[in-house]
Amino acid sequence: MCAIGDKRGGSRSAPLPERKEGKIKRKVNTLVLPADKKTHANQQLTKMEHTNLLEIVRRPLSPDMEVEVQASREEYERVEAILENEESKYPRLWYDATRNVAIVAAPPSRLHSNMAGGLLASIIREVSRNQGISSEVGDGVTLSTESGNTRGGTTRGWDGAILYQEPNRSSLMIAVEVGVSQSYESLRAAISWSVCVLHCRLGIVISIREQGRGQPPEPPQYSSIHDENAAVGEAEQDFRRQLTERPYRPLVRDGVIWFGRIKRVVLETYRIPDEDVLPETLLQPSRSFTIVEDGEFVGGDVPPNLQEVVLGDCIPDHVLSGEAIVATPVNFFRRAWFEAQFKDGMASTASSRMRPRPE
């Protein structure tokens, strides 16, 4: 996961669920690194700062990567303070107090950012076009750039959210999480936090599974920044041409797969089951739609409002007048929007993988 704003989410490979009717059971597949193998970090740091969590934070992480580390809340706060002092945008650092786990998340890929930002923008655009509300009411629907929230010792973020702004308060309406080959368990945990703890009206998850790239290839060596930019730019144009001919298929250049085939994309919604739900509840989706399967678009029959997204999910009921207005569908999902964002994200992510990795 990764926020759209300017705060400091990520991924790890795991199979996405097969689409099924009704309740869905899935296996847990999360990486947790033990905290007892401590190593020395930079010698300029104090002895208290020589922790396994800090070592993981200092490692270069590939975009969308997420690592979980067993750590105390005290250790998390100490390392978070170091990042705050350094004004580090990435990695982001969250804490799950129910499992005593720190979550180290790398920057998002372009695909990740495109899907989170594009989905939220599409919803806001459809709300603003609705003839049943005034422009003044519509102007209250805003995109959130604030991603960090702490409740009961747990600190979490979202990839993006829609808030409704009123003169004296703001209400969290919709939270979005996107995972690019991220474990399904971690995505559910993240969106469940927003719904069960922060009480957002609706949670939306996009799960993306890339397949067939194998071990990340070593980026080419360039003699200069100019040569690097020229080579990467040329490759990106080639990738865009490839996607015109075969969307969701592998992006290949000089025999190297720089982005694998899209195995599956699943779009899901989540709602709070009742007001007495426990904060640690791991929710099941209320709706689940497969959009891409084995490199092919299969979402032609997906309802544009996913059978449930309505105006009342974006604007509080007390602001709207009448049940008919509250229940007005928000038809934000369209193939043209989805494919444009997805293709741009795939091509940009593939070309960025051709750049030298930071040390």
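Of note:
- Selection within region 110-123 - of a type in the set (A, V, I, L, M, F, W, C) and in contact with a Cys (Cβ under 8 Å, 6 or more places away or on another chain): Ala116, Ile123
- In region 288-303, residue nearest to Ile262 (Cα to Cα) [restricted to those that are surrounded by 15 or more Cβ atoms within 10 Å (Cβ to Cβ) and over 18 Å from the mean Cα position of the chain (by Cα)]: Gly295
- Residue count for region 258-296, restricted to those that are of a type in the set (Lys, Arg) and out of contact with any Lys or Arg (no Cβ under 6 Å at 6 or more places or on another chain): 2
- Yes/no for Ser224 being surrounded by fewer than 19 Cβ atoms within 10 Å (Cβ to Cβ) and farther than 29 Å from Trp337 by Cα: yes
- A residue that is at pLDDT 95 or above, aliphatic (A, V, I, L, M) and assigned to a loop (DSSP other than H, G, I, E, B) occurs nowhere in region 261-278.
- Considered as a group, the residues in region 324-358 that are touching a helix residue (DSSP H, G or I) at 6+ places or on another chain (Cβ under 9 Å), over 22 Å from Ile204 (Cα atoms) and not hydroxyl-bearing (Ser, Thr, Tyr) include one that is surrounded by the fewest Cβ atoms within 10 Å (Cβ to Cβ), and that residue is Pro356.
- Conditions (1) at pLDDT 90 or above; (2) in a loop (DSSP other than H, G, I, E, B); (3) farther than 29 Å from Ala340 by Cβ; (4) not hydrophobic (A, V, I, L, M, F, W, C); number of the one not met by Arg249: (3)
- Selected residue (only one of Ala347, Ala340, Ala324 is aliphatic (A, V, I, L, M), in contact with a strand residue (DSSP E or B) (Cβ under 9 Å, 6 or more places away or on another chain) and in a helix (DSSP H, G or I)): Ala347
- Applying a threshold of 9 Å to beta carbon distances and a minimum spacing of six or more residues, or different chains, the list of pairs starting in region 287-303 at a residue that is of a type in the set (A, V, I, L, M, F, W, C) and ending at one that is surrounded by fewer than 17 Cβ atoms within 10 Å (Cβ to Cβ) and part of a loop (DSSP other than H, G, I, E, B) reads Phe289/Arg19; Phe289/Asp301; Phe289/Pro303; Phe289/Gln307; Ile291/Val298; Val292/Pro247; Val292/Val298; Phe297/Pro247.
- Count of residues meeting criterion [part of a loop (DSSP other than H, G, I, E, B) and in contact with a helix residue (DSSP H, G or I) (Cβ under 9 Å, 6 or more places away or on another chain)] in region 146-180: 5
- Per-region count, region 146-162, residues under 20 Å from Val104 (Cβ atoms), β-branched (Val, Ile, Thr) and surrounded by 18 or more Cβ atoms within 10 Å (Cβ to Cβ): 2
- Glu234 vs. criteria more than 30 Å from Ala327 (Cβ to Cβ), exposed (fewer than 15 other Cβ atoms within 10 Å of the Cβ) and among the charged types (D, E, K, R): yes
- Region 194-219, residues that are touching a Ser or Thr at 6+ places or on another chain (Cβ under 7 Å), modelled with pLDDT of 90 or more and not in a strand (DSSP E or B): Cys196, Cys200
- In this structure, Leu311 does not satisfy being buried (at least 16 other Cβ atoms within 10 Å of the Cβ) and over 23 Å from Gly118 (Cα atoms).
- Number of the exception - Leu282 against (1) assigned to a strand (DSSP E or B); (2) at pLDDT below 95; (3) within 22 Å of the chain's Cα centre (by Cα); (4) not hydroxyl-bearing (Ser, Thr, Tyr): (1)
The values are calculated or read from the model by the stated rules, or taken from the named source; none is laboratory data. Predicted, not measured: the structure shown is a model, and the values here were computed from it. So basically every Cβ, Gly included, is an ideal-geometry build from the backbone, and we count neighbours across all protein chains shown.
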